[in-house]
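Since the structure comes first, as structure tokens, the remarks are kept for the end.
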Amino acid sequence: MKINLFSKINCPECKSKLEIKEEKMKNNEIFEGKIICSKCKEEYEIRNYIPRFVKKENYSESWGDLWGKTGNTLRDSDTGDTFYYDTIFGKWSEENVGKKGYSPFGFEWEKDLKGEKILEIGPGLGVCTEHLVKTNSEILSVDMSNAIDAFPEKLLTNRNLNVIQADINSGILKEEQFDKIWMFQVLQHTPSPPDTLKNLYKLLNKGGEISFTSYSVSHHPYRFITKKLSFKSIYNLLEVLLPIKYRLQKIFKDMKMPGISKLVHIMSHPIDPRNLYFDTIEGNRSDWLTGKLYKKTKDKKQLFWFSVVNTFDAITPEYVNSANHEQIKKWTENAGYREINIWGKSGVRVKAKK
Ligand SMILES: C[S@@+](CC[C@H](N)C(=O)[O-])C[C@H]1O[C@@H](n2cnc3c(N)ncnc32)[C@H](O)[C@@H]1O
Ligand SMILES: [Zn+2]
């Protein structure tokens, strides 16, 4: 934690000034210690460079569980791909997926954002953060789950980055301080997306811009059961069931019965709901991240790992408040934003200004 963090946050309980109470330094920043509210005297822990403003149990914990175990498998710097880089800076195209410079998201951000203040919400393990820190801007990343503990030390100690563990809707951030908000694959997982959009509006400077995505559909009606599953139990289940699912799909595919093969997938939907494992091995995903990696590595163990991560990501979140383009446009308008730009086929991507 850098000391300049105090200019951006206040006590989530009473909105008063926060102060440092105890501090232990490492790499020129606060590594461990305590923060105290000057008024209500509530105390918050700083652990592994990160101030913690959440209760131990929160609705976002399934991600903490996930990222803690997936570690470094997804960042561009580990895969050698440009998937997240192109998400932020690339051009939108859902036809040229996998082509350098294009992305199914394609937010076309400027690469040099010198002097700008950026808020990143729900960074997970920092897949976008590692690119945002290279834009010459000042960044605050906020995630409420222990996912944040998967940030590598080198990323955490970037001189222009502060990271906190907090709920974005808790009122911890001071208003009117950011030029840009980056919120990738998070909105639908908050309890009320319209309220989240309203809260974020207050945080932007006048003329500031928000960029976010949302799922447009959610077809996991069984989530009320599966959201109780731990990462370990999903891992164990898939270890047995995924090879069976693959073999069945493959038998029908080889018998030239693609319809039945597809039916097997639909019937076994909670197991690898995006059909990542089958499609990747069968070469149907050659443009997507897993396809590109598998082509290079032929590593079935890594692919299995990605499928477990994907399954966990799809079937365990507490909230999946998806909405279509029209609905999200309405929410964005109602929250006060203008110049709303919405695009995307396989989901909703939005840029809007205050
Ligand atoms: C689907 S993950 C996306 C992570 C990352 N952006 C990515 O694309 O890999 C959603 C993330 O949002 C975080 N999150 C959900 N609700 C939040 C909230 N109210 N405040 C802060 N973070 C939140 C979760 O903890 C999780 O890390
Ligand atoms: Zn207080």
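The values are calculated or read from the model by the stated rules, or taken from the named source; none is laboratory data. The structure displayed is predicted, hence computed values, not measured ones. Virtual Cβ from ideal backbone geometry, glycine too; neighbours counted across all protein chains shown.
Could you check Lys256 against (1) part of a loop (DSSP other than H, G, I, E, B); (2) surrounded by 19 or more Cβ atoms within 10 Å (Cβ to Cβ) and say which number it fails?
Result: Lys256 passes all but (2).
Regarding Lys206, is this residue of a type outside the set (Asp, Glu), assigned to a strand (DSSP E or B), more than 16 Å from the chain's Cα centre (by Cα) and surrounded by fewer than 20 Cβ atoms within 10 Å (Cβ to Cβ)?
yes
Restricting to segment 3-38, and then to whatever is away from ligand 2 (no atom under 11 Å from the Cβ) and either in the same structural domain as Gln165 (by TED's automatic domain parsing) or among the basic types (Lys, Arg) (or both), can you tell me which residue is surrounded by the fewest Cβ atoms within 10 Å (Cβ to Cβ)?
Lys24
Mind listing just one residue for me: the one in segment 39-49 that is outside any strand (DSSP E or B) and either assigned by TED's automatic domain parsing to the domain that holds Lys227 or in contact (Cβ under 8 Å) with a residue 12 or more places away in the chain (or both) and, of those, surrounded by the fewest Cβ atoms within 10 Å (Cβ to Cβ)?
Cys40
Looking at Glu94, Glu42, Glu22, which is the one that is away from ligand 1 (no atom under 16 Å from the Cβ), among the acidic types (Asp, Glu), closer than 30 Å to Tyr319 by Cβ and at pLDDT 95 or above?
Just one listed residue meets the conditions, Glu42.
Among the residues of segment 50-78, write down those that are surrounded by fewer than 21 Cβ atoms within 10 Å (Cβ to Cβ), under 30 Å from Asn10 (Cβ atoms) and at pLDDT 80 or above.
The answer is Arg52, Lys55.
Condition first: surrounded by fewer than 18 Cβ atoms within 10 Å (Cβ to Cβ) and touching a His at 6+ places or on another chain (Cβ under 6 Å). Can you find one or more residues in segment 294-302 that meet it?
Among the residues of segment 294-302, not one is surrounded by fewer than 18 Cβ atoms within 10 Å (Cβ to Cβ) and touching a His at 6+ places or on another chain (Cβ under 6 Å), which makes the answer no.
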